[in-house]
Each structure stands twice: as C-alpha cells, then as structure tokens.
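The values are calculated or read from the model by the stated rules, or taken from the named source; none is laboratory data. Small disclaimer: the values here were computed from a predicted structure and weren't measured. Virtual Cβ from ideal backbone geometry, glycine too; neighbours counted across all protein chains shown. What goes into the accessible areas is simple: the full protein's heavy atoms, side chains included, and nothing from ligands, DNA or RNA. Shrake-Rupley method; radii C 1.70, N 1.55, O 1.52, S 1.80 Å.
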Amino acid sequence: MYPVWEVPYLTAGGVLALIATFHMLPSHLATSAMWLSVYLEGKAYREERPELLEFVKKYSKFLLVFSYVFGSLSGVGIWFSATVAAPRGISGLIHNYVWGWATEWVFFLIEVAGIFLYTYSFDKVDRRTHLTVGWVFAAASWTTMVVIVGILTFMLTPGRWLATGGFFDGFFNQTYWPQLLLRTTAMFALAAAFAVLVAARLKDERARAEVVRAAGVTGLAGTLLGAACFAWYHASLPAALHDVLDALLTPALGRWMLYPALAVGLYFAVLAFKPLRVGTAAALGAIVVLFASVFALERARELIRKPYLMPGMMYSNQIIGADLPAKGVGSDAGRFARTGILAAAPFVPEGLRTLGDSNRAEAGRMLALLECSACHTLQERGLRPLPRLVRGLGMDDPAAMTGFLDALEGYPYMPPFVGNQAEKEALAAYLVALARNGR
Amino acid sequence: MQTGTMLSLLQDPMGVPFYPAVFQALMVLTFALHILFVNLSVGTTALAVFGRLKGGERWTALSRGMGKSAAACVSTAILLGVAPLLFVQVIYDPFWYASNTLSAAWVIAFVFVMMAGYGSTYVFTMRSEADRLGLAAGVFSLAMFLTAGFTMHALNFQMLQPEKWLGWYTQAGAAVTSGLVLHDFSLPRFLHFIVPAFAATGVYLMLYARYFEVRPDLDKEHLSWVGRLGGGLAFWTTGVQTLAGLGWLLSLPPEFRFYAHPVFMLAAVLGASLLFFLYEARRSPGGPQRLAWPAAGGLLATVLAMAAAREALRGLYVGRSGFTAMSHRVNLDLASTALFFVTFALGLVVLAWLLSVAYQAGRTAGRWEAGPRMRRWGWASVGLLAAWLAVVAGLGVVVTLKNAGS
C-alpha cells in the first residue's frame, strides 16, 4: 500500500476518471480520422478536386494538434493519474501487460512519425506515396486500439487469466470482441463529428456539402452499428456484473447513456440529407453531446467493476483479496487480519502502527484513508461523502457501525473490511465521529 | 519499519514476464533517446524565442525553423518518454510509485503543464513575427518545459531516497495526503540534465545545415551561418556541461566513489572526446557542418553512456536499502515477449520507411517522387501491418474458442 492522495470533493479516482474520459475524444479521433482522410484524399486526386484536398489538409492539421498534443499528453495523464490514484492497480496491470503496452508503443511510434509526415508533405511527396503514408497511419493507429482494448477489457473480465495467469487468456477475454467492435464503430461517429466541425469553415459550398454528407453517412453508420455492438457487449457481460449494474445504474445515468446517443444519431441523419444546414456551433454542440454519451458509458464500465480494480483479485482500495496461484500471489486479507493492516502496510506513520487510546482517532482516519478513500471523500461534500453516507445509514453508535463493517463481507459492490478486530472498531468509531462532527 | 522490509512489501507480487536485465536495457536505451529529444525540445524552443527577440533576417528565419523543430521534438520526446516510463514501473515499481504518490499533485500538474507548453508551441509557430502574443507563447512554452523538467527531476530524485519517504508522509503523527509538496531536488543534477539542451541543439543546427545544403532553393550563406552557429553553440555548451557534470559529481554521496565507476568513466571519456571533436570541427575548412554526422554519432554515444551511468548510479542508491532491480521474480511469459519483439522488428521496418520518405522529401526542392524501391517498401509496410492484424486476430479467435465455456 502506497501513500494515499486525497483530492477534496473528487477523490484521486475522480481525477483519473476525468482525464481518462477526456482522452476518449482525441484518442478515438486519432484511430479513426485517417480512414475518412484517405478516402477523401483519394477522391480528390481521382476527380481532380483541390477543394476537397483543402478539407483533408485542415482535418489532418486538426488531428495533429488535437490528438497528438492533447491526446498524447492526456494518454500519459491516464498513466500518471492511475499511478497516484491506484499505484498497486496500475502496477499489477503493468507487471502482467508490460509487453502489451510495449507492443502498442511500437504502433504509437509509427503513428506519430506518420501524422507529422502526412500533415506536412501534401505538396512535398508524390500523391501515391502520400496516400500510402495515410494508409500506414490509419492501420497503425487502429492497431493501437486492437492492443489497448485487450488490456481495458481484462480489467473488466479477466476470464481464464485468473486460473492460468496467461497473457492471452486475459487479453482475449469474453468482452474483448464486442468492446473492440463497439469502440471501432463509435470512433467513426467521433471522426465524423469532428470532420463536420472542420468542414463547417470551408468556403467552397460544394466541397462542404460533400464532406458533411460523407461525415453524416459515416457517423450514422457508426452510431447504428455502435448501438448493435453495445447490445452485444451488454449481453457478453457475466451475470455477476449484470447484478452490480442493476444495483448501481441509476435511471439518470441510464438516460445519459441513451438520449445523447439518440440525439447524435438524429444529427448525423440530418447531415446526410441537409449537409449545409450545420454551422460551427451545432458541430461543437454535437461533439459535447457525444462526449456526454461516452462519459456515461465509461462511467458505467467503471461502476460495474466494483468492488474490484482487478476483478476476482484486487479490490477497489488496492487490497489483494484472493490468492492467485498461477502468479504466486497471496491474498493480503489473511495477513492483514493476523497482524493488523496498520502494522503491516508500509505507508503508515510509525505512531499509528500500534493502536492505543491516544492514537485511536488518528488511526481511525488512517484506516478510512486506506480502506475507504479510493471511492469516498472524507469531507462533508463531494464524491460519495462518508459523513453523509454514515448519517444516511442512521449509524450513531460505534457498535452498530462495527456490525455494518462486518456485513460488508456479503455486499456485492463494496470490498470487505480487511484488518483485525481492534482496527475494525477504531474505524467504526472514527466513522461515527466523522458523521457526527462532519469533518 | 526497516526500509528494506518496506521495499520488499511494496514490490509487486506478480513478478515480471521476462528477465529484469532485458527491461533494464530497454529502459536505458529508450531513456537515452527520450532525454536527447527533451534536450532538443528545450534547446530549440529557447533558440526560437531568442531568434525572435533578436530579430533581423537571419535570426527570424532560424527562429521559424526552430519553432517548427520544437513542435516535432516535443512530440518525439513524449513518444519516446512512454517507453522508459513503462519500464521503470516494471523494475523500480516501489520507488516510482512511492515518489509519485508523495507528490501526487505535481504529477498531475506535470501533464497540464506539458499540455499548456506544447499547445503554446503551436501558437508561437502560427503567429507572425510582429505579433507579441506569439513571442509570449514561446516564452511561456519554454517556462512550462523547464517546470515540467524540474518536476520530473524532483520525482526521480525523491525515488532514490526511500529512507526519507515515511518522514515526508508524516506530519504531527498523521499521514499527509495532500500531495502538494515536492520534497527534494538537487540543483546540480537538474543542471546536468538541462545544460546539454544547448549542446544537443548546437549539433542539431550542424545537422540542419548539412541536411539542407543540397537544396538549390535554399540560401547557402544562411545555412553556412547556421552550421557555424551550431558548431560554436555545441562546443561551448559542451564545455559548460563538463563543469556542470563536475558540480553534479561533487554533489553525489562520497561513499559511492562514483568517479571511479567504469560506466561513468566511459561516459566521461566519451564526453571529453566529444568536446575535443567539436573543437576540431569548428576549424573544419567547410564549416563544422562538414562533420555534423560524426558529431551526432558522438553525441548519441555520449548520451547513451551517460544514461547507462545514471542507471549504475541508481543501482548504488537503491542498493543502500538492499534492493536490486534484478530481484523481481520472473514469471516467464514467452508468448507476450515474442509478441513484443516480433512487433518491434516489424515496426522498425515500417518506421524506417516513413523516416526515409521524410528524409528524402526534405532534401528535395519541390515535390519528391518515390522510386520503384521506395514504392515497394511502402506497400510492404501496409502489408506488414495487415499481416500483423491478421495473425493477431487469428490468435484471438483460437484463444477465444479454446476458452469459450470454461
């Protein structure tokens, strides 16, 4: 267990979620935009249409700046925020999937060299070579998705990996294919939405209509196929995850997943038929709406992982809850129950390692930091605030609170308390005091 | 808790999928390339700003070239930074994660500082010379890159002192969870990383002049000036770097006797040879750019040796707590190891094609036409990527069917 980083109101996990969701936009644009680009570039050459090429140049410049400034750095940002929010979680992933990430990095090398060359060489290399650069980029960038989806879905459904520890057993898990296709189709909707934004500023009306119509058709196809893939993805989830989804999916979140997707589908349909009706403001609005839908989907994906960070093995608070013989890993739970988590966890102030009357309150806070703060703020307001939740449960007595902590063993979406009895009581007393004093 | 016990508890229990020495070698190699481009990013940005401030035809033209170079260098630096960032987490996980979580707010700020700095680079390049906003954007970029560099330096320096971590985490008996404090830094170490920015940029200018000299449409006199400027910059700042290196060497714990370490000695000899070579290059009849390629080779060799020395030094630091990067348990996973190395080999073929196109196109005035060999190589690149996808998809189908229902 590493030092805890507390972010008031938000939690460190909240910071990770914000950066990761933002990254969806530039990263999915990076994997999809070039397919539309090379299609239009080829058409521009075949039909000798320089005005179409104007769009392709603008679009690739937008792609370069948006995806390879903000996308590259927000991608690094996901790593950094995962590092400070859940170091043991990202460490576990990296120690299993380091070669997966390294493989993705090879394609990333090709991508970055490719986008610079593509953007800056329209008039510098012959047309056929330029198109080939585009194809190389398109293939390499989509391949980064082929790789990363294996790691992303492993975090949701590790499948046979839990028994074998094998890289590919975890990688090609039961949600891999539907997720890959869902992201692939959704990325075209995103590419189309951004293409409209860029095309809205084209002066040549014929070119604008043509690009926007192509974007509308691409986007509509992406949205419809995406909906079908979502249904497949939903059906592929194991029963236990369905239970968590049923328990945690609020009607509001459900609406956020559905309505923006419908609105975007309708928007693309309008574009396909009335391509000149859309201006910059509407194009931006569509991107915001699309983002809302993506945000809700990502949020739901995070929710159904609960109570785990690595399903079947590591809880959301980074405590390893089960043995993994295939990797020679032993559970923390038994060890912490014997010795006490305060004595055994590396980052605990020395004065709190042994519980006594003088340090009980501070030790209680330390336990809350270790076991609860990954998902709950310790403040009165913010993300799942502990004082309010405890008050909501009507817990004003440490003994009752201890009973509640005992009952966590049977909860579907919260990790059990890990530690010894004295620590459990200290945490219970702290939580009750927190609820009472509101600090 | 003893520091050694703490480190062994922190170490990831999953082990590593291949021998740690291989990750270490990859880390050193990719770090060397990363830091070279970090140096070029800082140096080209600084020169771009300086050129715009100085004004006049020559400096303005140079400033324009450096602005564009900076954008590409930063992107490359980020790209090449991903790999050592990955490998350091594999073999130095307790150190990296502890240092990061102790200063978590800085870690997150680093990302936004880089975004702001990199975004401003484009504002600088897109604005005209007369526009003050462009100049301000350039200065801002440079400030952001230096801030980001300093943050990364501090995080890496904190890593080396595990015996202090718990003290940094504790205040008045309680855990400090704000992550707002950078707990330690070493100015000599930071300077030793930043001064080479100008030496590397000097060599880059020599290359720039050498590379473009075949272009009939470009001003020969200007290129010759750029080459001479680069030669001087490279020589003098390599000299300053020698002094900065001495300062850094004196700041190290004396018990390490690092000055006598063979890897350090190799790096120092290479550095001194580079300095001598750059001195000679300045007197070359055709200008220092005549020797741009060997200078670049010497620079690369020196940076590689310095990166290896840095790793040897890290070994001494972490060894004080009984830790070694080789202590990770190996859970051999040959399939994924093969996936990476095969992909890497294939990727280099494709990457080399892209770089080769860029190299040849840049040296041609007007539009460059690919010959039949380059054209075949391009198609082969697309084919290799398609073949990779086909093989991996096939593997995926086999694994999926094998595991279905189990």
Got a sec? Which helices (runs of 4 or more DSSP H) wholly within segment B:167-282 have at least 2 residues that are of a type in the set (Gly, Ala, Ser) and either closer than 25 Å to B:Thr3 by Cβ or in contact (Cβ under 8 Å) with a residue 12 or more places away in the chain (or both)? B:196-212, B:220-251, B:262-282
Look through A:Ala235, A:Ala263 and report the one residue that is at pLDDT 90 or above and more than 23 Å from A:Gln174 (Cβ to Cβ). A:Ala263
Residues of segment A:147-162 being at the interface with another protein chain (Cβ under 7 Å from one of its Cβ atoms) and either open to solvent by less than 10 Å² (accessible area, probe 1.4 Å) or at positive phi (or both), which ones? A:Gly159
Picked from segment A:239-260 (must be modelled with pLDDT of 85 or more and either open to solvent by less than 40 Å² (accessible area, probe 1.4 Å) or hydrophobic (A, V, I, L, M, F, W, C) (or both)), the residue nearest to the chain's Cα centre (by Cα) is A:Pro260
Which residue, of A:Thr21, A:Thr31, is open to solvent by less than 20 Å² (accessible area, probe 1.4 Å), part of a helix (DSSP H, G or I), hydroxyl-bearing (Ser, Thr, Tyr) and in contact with an Asp or Glu (Cβ under 8 Å, 6 or more places away or on another chain)? A:Thr21
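Here is a yes/no grid of residues against (1) within 30 Å of B:Arg320 (Cα to Cα); (2) open to solvent by 10 Å² or more (accessible area, probe 1.4 Å); (3) not small (Gly, Ala, Ser):
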{"residue": "B:Phe87", "(1), (2), (3)": "yes, no, yes"}
{"residue": "B:Val107", "(1), (2), (3)": "yes, no, yes"}
{"residue": "B:Ser128", "(1), (2), (3)": "no, yes, no"}
{"residue": "B:Ser141", "(1), (2), (3)": "no, no, no"}
{"residue": "B:Met144", "(1), (2), (3)": "no, yes, yes"}
{"residue": "B:Met159", "(1), (2), (3)": "yes, no, yes"}
{"residue": "B:Leu166", "(1), (2), (3)": "yes, yes, yes"}
Test for B:Ala77: is it within 14 Å of chain A (Cβ to nearest Cβ) and surrounded by fewer than 21 Cβ atoms within 10 Å (Cβ to Cβ): no
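Return the only residue of B:Val392, B:Val318, B:Val398, B:Val350 being open to solvent by 40 Å² or more (accessible area, probe 1.4 Å) and of a type outside the set (Asp, Glu).
Only one candidate passes the filter, namely B:Val398.
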Quick one: would you say B:Val303 is more than 30 Å from B:Gln2 (Cα to Cα) and away from chain A (no Cβ under 12 Å)? yes
Those residues that are open to solvent by 30 Å² or more (accessible area, probe 1.4 Å), closer than 15 Å to B:Val195 by Cα and in contact with a Gly (Cβ under 6 Å, 6 or more places away or on another chain), I need them from segment B:218-250; list them, please. B:Leu233
Of all residues in segment B:359-374, count the ones that are open to solvent by less than 40 Å² (accessible area, probe 1.4 Å) and assigned to a helix (DSSP H, G or I). 3
Residues of segment B:253-271 being under 23 Å from the mean Cα position of the chain (by Cα) and open to solvent by less than 60 Å² (accessible area, probe 1.4 Å), which ones? B:Val263, B:Phe264, B:Ala267, B:Ala268, B:Leu270, B:Gly271
Within segment B:170-207, residues being surrounded by 20 or more Cβ atoms within 10 Å (Cβ to Cβ) and not assigned by TED's automatic domain parsing to the domain that holds B:Cys73 number 3
Filtered residues of segment B:13-41 (kept if open to solvent by 20 Å² or more (accessible area, probe 1.4 Å), in contact (Cβ under 8 Å) with a residue 24 or more places away in the chain and over 21 Å from the mean Cα position of the chain (by Cα)): B:Phe18, B:Tyr19
Checked pairs for segment B:288-300, first in the same structural domain as B:Ser224 (by TED's automatic domain parsing), second surrounded by fewer than 22 Cβ atoms within 10 Å (Cβ to Cβ), C-beta under 6 Å and 6 or more apart or across chains, list as B:Pro288/B:Arg282; B:Arg290/B:Ser284; B:Leu291/B:Ser284; B:Ala292/B:Leu207; B:Ala296/B:Leu207; B:Gly298/B:Phe277
Report the residue count in segment A:406-433 for those that are buried (at least 21 other Cβ atoms within 10 Å of the Cβ), aliphatic (A, V, I, L, M) and either in a loop (DSSP other than H, G, I, E, B) or at pLDDT below 95 (or both). 1
Condition first: open to solvent by 20 Å² or more (accessible area, probe 1.4 Å) and either at the interface with chain B (Cβ under 9 Å from one of its Cβ atoms) or among the acidic types (Asp, Glu) (or both). Now tell me which residues in segment A:128-145 satisfy that. A:Arg128, A:Trp135, A:Trp142
For segment B:10-28, name all the residues that are of a type outside the set (Asp, Glu) and in a loop (DSSP other than H, G, I, E, B). B:Gln11, B:Pro13, B:Met14, B:Gly15, B:Pro17, B:Phe18, B:Tyr19
I'm checking my understanding of the structure. Among residues of segment A:34-52 that are under 20 Å from A:Ala200 (Cβ atoms) and open to solvent by 30 Å² or more (accessible area, probe 1.4 Å), which one is nearest to the chain's Cα centre (by Cα)? A:Tyr39
Identify, from the list A:Val65, A:Val84, A:Val112, the residue that is of a type in the set (Val, Ile, Thr), at the interface with chain B (Cβ under 7 Å from one of its Cβ atoms), open to solvent by 10 Å² or more (accessible area, probe 1.4 Å) and assigned to a helix (DSSP H, G or I). A:Val65
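Would you mention how many residues in segment A:87-100 are more than 7 Å from every other protein chain (Cβ to nearest Cβ) and closer than 21 Å to B:Leu102 by Cβ?
3
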